[in-house]
Amino acid sequence: MNFFRQRGYDVKLVRDLFPSGTVDPVIAKLGEEIQAVVVTWDKDFRAFVRRIPRGSKLRFRRLSLIAFRCKETNGLARIADLIESVEFEYEQAQKRGQRRLIIEIGDSYFRVHR
């Protein structure tokens, strides 16, 4: 998380905000309320923020997510390589009035879900 702090972002760690074992929907709800970008390696977390089919109400309209699908040991190198793309996509989402963006970063891929 120091990487994000060094870039000027306000970083809050889940372990500092919630007791151990707090369920994902509670974390997602706070993220939604403060319009956070949640950064996680938790494979199940995306289930709480993914888009519902068109015509349906989005469950979390303002919560953005960077979901790492790579080994944690590769995470810093991957985000360092991709941070400009991540920031660009986030800025574009804000300009379009979309307050949410889901990004997946794997060992060999970068996906943006709008």
Those residues of segment 88-113 which are among the charged types (D, E, K, R), under 17 Å from F68 (Cα atoms) and exposed (fewer than 14 other Cβ atoms within 10 Å of the Cβ), in sequence order: D107, R111
From the set of residues in segment 4-16 that are of a type outside the set (D, E, K, R) and exposed (fewer than 11 other Cβ atoms within 10 Å of the Cβ), which is nearest to E87 (Cα to Cα)? G8
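Does R100 satisfy being under 14 Å from the mean Cα position of the chain (by Cα), outside any helix (DSSP H, G or I) and either at pLDDT 85 or above or charged (D, E, K, R) (or both)?
On the way: under 14 Å from the mean Cα position of the chain (by Cα): yes; outside any helix (DSSP H, G or I): yes; either at pLDDT 85 or above or charged (D, E, K, R) (or both): yes.
When the stated conditions are applied, R100 passes them.
The values are calculated or read from the model by the stated rules, or taken from the named source; none is laboratory data. Please read these numbers as outputs of a predicted model, since none were measured by experiment. Note that we place each Cβ from the backbone using ideal geometry, even for glycine, and neighbour counts take in every protein chain shown.
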